[in-house]
1. Considering D75, D31, which residue is in contact (Cβ under 8 Å) with a residue 12 or more places away in the chain and either open to solvent by less than 70 Å² (accessible area, probe 1.4 Å) or touching a Ser or Thr at 6+ places or on another chain (Cβ under 8 Å) (or both)?
2. For the stretch 34-54, name all the residues that are without any contact (Cβ under 8 Å) to a residue 24 or more places away in the chain and either open to solvent by less than 50 Å² (accessible area, probe 1.4 Å) or not in a loop (DSSP other than H, G, I, E, B) (or both).
3. Cβ-Cβ below 7 Å, separation at least six or inter-chain, first residue in the stretch 4-27 and outside any loop (DSSP other than H, G, I, E, B), second surrounded by 14 or more Cβ atoms within 10 Å (Cβ to Cβ) and β-branched (V, I, T): which pairs?
4. Report, by residue number, each residue of the stretch 18-34 that is at pLDDT 95 or above and aliphatic (A, V, I, L, M).
5. Counting just the residues of the stretch 56-68 that are within 18 Å of P11 (Cβ to Cβ) and under 11 Å from the mean Cα position of the chain (by Cα), which one comes out surrounded by the most Cβ atoms within 10 Å (Cβ to Cβ)?
Amino acid sequence: MKQCTHVEALPHPEPAPLGETCPECLREGTDPVQLRLCLTCGHVGCCDSSPNRHATRHHKETGHPVMRTHEPGEDWRWCFVDHVLV
């Protein structure tokens, strides 16, 4: 079973969210479907079900490997590099 090799390098405590919603969606006038929190820097981006997939775009632009859901009642993380839940 494939495992994430990036979790150990994440900052502790995890970064605070830089905002309440996806700033790129706000600028573009689109609605985020669900939000994700970058566990390296705190960027809040929309998920891949949103029109512009800003969380994934953030990963591609920065290389930050792991995000977690930023939705109430959810508690999971995803490693973009290793393509696994962590």
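1. Just one listed residue meets the conditions, D31.
2. G45, C47
3. Within 7 Å, the pairs are V7/V66; V7/V86.
4. L18, L26 - these are the residues of the stretch 18-34 that are at pLDDT 95 or above and aliphatic (A, V, I, L, M).
5. M67
The values are calculated or read from the model by the stated rules, or taken from the named source; none is laboratory data. In this text, all values refer to a predicted model and were calculated from it rather than measured experimentally. Using ideal geometry, Cβ is built from the backbone for each residue, glycine included, and neighbour counts are taken over all protein chains shown. Remember, those area values only see protein heavy atoms, side chains included, never the ligands or the DNA or RNA. Shrake-Rupley method; radii C 1.70, N 1.55, O 1.52, S 1.80 Å.
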